[in-house]
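What follows draws every value from the coordinates through simple rules; no lab data is involved. Bear in mind the structure is a predicted one, so any value in this text is a computation, not a measurement. Backbone-built Cβ (ideal geometry, glycine too); neighbour counts: all protein chains shown.
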Amino acid sequence: MSDGRGPDWERSSTARVLPPARPRKLAKVPFVELADGRLQGVVSSGSDIGRVYVSSVEAGSHTFACSTNNNRPCGGARGMFCNHILAMVNEAVLQYGGERVARYLKVEPDEPTGQAIARDMMSTRPSQGDSAAAATVFSQFLRHLAYLELPPTTAPLPEMQWFPPTRAVV
Amino acid sequence: MRADLLDEAIPGLDEAMAAVDAGDQALVAGLLRPQPAQVAALTELADAVAATPLAGRVAEAVEKVAAGAASEDHFVAIAAARTALLGSVHDALTARVEEATGRSGDAGIASAAREARSPNVLAAARSWLSDLARAGWRGIDHDLVSGAGQVISAMLPDPALRRLAALLDGFAAELAASCPGAALDRVPARRWGDLWSRAMMLTLSAGAVPAGTATGRVLPLGVDLHEHATAAQAQVHAVFEPSDGGPPRLVRASVSVPKPDTVLGAGIWQLLRPHLSLLAAVGDGRSMDLDGMPVTEEGDLVWDDEHARPGAAADAFATARVALATATAPVPAPLDRHPARIAVPVFLEGYTVDKDGDALTFTVAGHRLPVDTDRVPSAGPLTPEAVAASGACIGLLRWDDGTFTVQPLAVETTIKKKAVAVHAGAWAGGTTDKNGVKAEKAATDAVTVLRERAGRLLRK
């Protein structure tokens, strides 16, 4: 024990590496993730129930993209973050905590809120990327949804002992 | 309980853990082009198993790593050496726990596990794990880590491969969030060494299968929850009384399910609840009667509702006071022995509670036992405050990095001058608690949205 408060993190089998996500309402932004060097997600269209927007912002450069799942460009993303991207940033902050999102995107906002993070990224006038990542993001989203269809099992999974819950909040 | 024994040093344990640490440090830098210090560290690991049947293969593996010519088999040998060492630590700790609790283990050894099937996907997993070992934790990047994605997707639909799939999924998520490894402030070397070597072993062995059946009465003690972003498992710990009059045994019943990372808290109970009627029995304070329920030699009931029906009322604290001490403990399969798997049900009372910031400690018969309240699921009525005010506790005795702790499953405490029992898993089967109902509603909404989206988008 390093500090008398628990095991040494580097020598603990159950060291918590990822803080747990926080629950949020999913209706507007059903999917968001920090992956592949991007904040990326899927935003439901406000007008067409069958349409979703695939949005992403690259960490570091903050190059952004937004298009529909049918690969049509988003009308709102002309030279600047559209409302879909802003909604995605806000929901990412709810799910992962503002500090983790800011760290991942490599911004240092005054406060760890979605607004401040988006403002910080826009202040550097990021460029608009192509929608090359959209297909990957959308298939990640489908993969994510498919987890709901996977069968449960009552055979024991002993390795889950390495994944205790934690009450710590991010 | 003889809590004093839990403080006493175990001969040889520090030496075994030092060899494990050495191996873990070698994996931090990676084994592609090892420095002399890494070769020395791996040699320490090899020396620790020099008197075992693994000696030759591990020594050869270290030689090949040193020459920059290690292949998959050599990485498997290194994982096996680490697994064997931690297995011996597990056994020494378990013997100490048996002394402390006065409980004896089941005689005999759980027999060897069945061989893994689905060779292609397992070979792919082994190949990815070998690439990880070459790169080292400091060498991971997005390309390397995302290589696990296809393997995991291929495994997840098959419940027979779920052990490895759930492990890799949780492991890969941690690695992905830690890329690039070169920029990490610190590395969870023990943990990733554990996950890596467990996964390596599981590509070769699929674990225990039901070896018999259980007929009798199962008396629940409490629910232990495990979760990572995309999987959750609930495990009910219970005392099983065979109807043939045989000695009572400790058993577990598990249910697990993959999940989207946005299904959390009460939502996890909702996913698990329909598949293990025992979860509701825990909340209701009931026993269940089993007839021919499949059970492994490790004491795991492989639950099937066809073999169970609701039994008489059974208070967990009555079970803990009366039946727990006489129940024998199951023996894990040889490859599954690891200190992180130690989760021994214990009953404690007559302790005092110390609070230092967030840290709680029970003093039991003059000896201090840290309380791991962090493992108590937040979707439940049991809080650190309730534990701090408790007079009796059903818990799981665990061990991590040199220290025994107790994880509370339930406590007896006083709320508004009334003695009550509060269970960590009280919401597992459903709840009428005001906060619980709110959490259930939010979780139902989340799953409804995802199912609606899936229905509209997934099958197009």
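Structure above, values below:
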| item | result |
| --- | --- |
| Largest-first principal axis extents, alpha carbons of the range A:37-170, Å | 53, 37, 24 |
| Peptide-level mean, for A:63-69, of C-beta atoms on other protein chains within 10 Å | 0 |
| Rounded Å value of the spacing that divides the Cα centres of the range A:61-133 and the range B:278-333 | 51 Å |
| Proximal lysines to B:LYS441, defined as alpha-carbon separation beneath 23 angstrom and excluding residues fewer than eight positions away on the same chain | A:LYS25, A:LYS28, B:LYS259 |
| Cα gyration tensor, the range A:93-170 - rounded (a/c under 1.5), prolate or oblate | oblate |
| Residue-averaged [θ]222 nm for chain A, counting only DSSP H segments that reach four residues, each worth -39500 (n - 2.57) | -8000 deg cm²/dmol |
| Partnerless cysteines, meaning none of the other Cys C-beta atoms lie under 4.7 Å away, in the protein assembly as shown | A:CYS82, B:CYS179, B:CYS393 |
| Cα-centre dipole for the range B:212-326 with unit charges at Cβ (Lys and Arg positive, Asp and Glu negative), debye to 20 | 280 debye |
| Cα-centre dipole for the range A:20-145 with unit charges at Cβ (Lys and Arg positive, Asp and Glu negative), debye to 20 | 280 debye |
| Cα-based helix-to-principal-axis angle, A:134-146 vs chain A, degrees rounded to 10 | 40 degrees |
| Shielding by partners - mean other protein chain Cβ count within 10 Å, residues of B:184-196 | 4 |
| Set of lysines near B:LYS434 by C-alpha distance (under 18 Å), chain-local residues within fewer than 8 positions excluded | B:LYS416 |
| Rounded to the nearest 20 debye, dipole of the range B:398-442 from Cβ charges on Lys, Arg, Asp, Glu | 400 debye |
| Signed unit charges on C-beta, dipole axis of the protein assembly as shown, positive-most listed residue A:CYS66, B:ALA316, B:ALA173 | A:CYS66 |
| Span-rule helices in chain B, defined as complete DSSP H runs reaching 27 Å or more along the axis (Cα) with Kyte mean at least -1.0 | B:72-101, B:434-457 |
| When the convex hull of its Cα atoms is projected in every direction, mean area for the range A:1-81 (nm²) | 8.5 nm² |
| Angstrom value of the Kirkwood radius, inverse mean 1/r, which spans all Cα pairs in chain B | 23.5 Å |
| Cα extents of the range B:3-206 along the three principal axes, largest first (Å) | 51, 43, 35 |
| When the protein assembly as shown is reduced to its Cα atoms, the Kirkwood hydrodynamic radius in Å | 25.6 Å |
| Candidate aspartates and glutamates for bridging to B:LYS64, where Cα separation is under 19 Å - those fewer than 8 sequence places away on the same chain excluded | B:ASP24, B:GLU44, B:ASP47, B:GLU72, B:ASP73, B:ASP131 |
| Residue mean of other protein chain beta carbons inside 10 Å, A:139-145 | 5 |
| B:ALA410 long-range amide H proximity, modeled H, under 5 Å | B:ILE394, B:ALA424 |
| Helix-only mean residue ellipticity at 222 nm for chain B, each DSSP H run of n ≥ 4 adding -39500 (n - 2.57), per residue, nearest 500 | -13000 deg cm²/dmol |
| Distance from the range B:173-246 to the range B:122-170 (C-alpha centre basis), Å | 17 Å |
| Karplus-derived 3J(HN,Hα), 6.51/-1.76/1.60, for each residue of the range B:305-319, Hz, glycine and proline x | 4, 5, 9, 9, 9, x, x, 6, 4, 8, 6, 4, 6, 5, 4 |
| Amide H within-cut-off set for B:THR405, under 5 Å, with H built and near neighbours excluded | B:ARG398, B:TRP399, B:ASP400 |
| Karplus-derived HN-Hα couplings along the range A:119-130 (A = 6.51, B = -1.76, C = 1.60, θ = phi - 60°), whole Hz, x at Gly and Pro | 4, 4, 5, 5, 5, 8, 6, x, 8, 8, x, 7 |
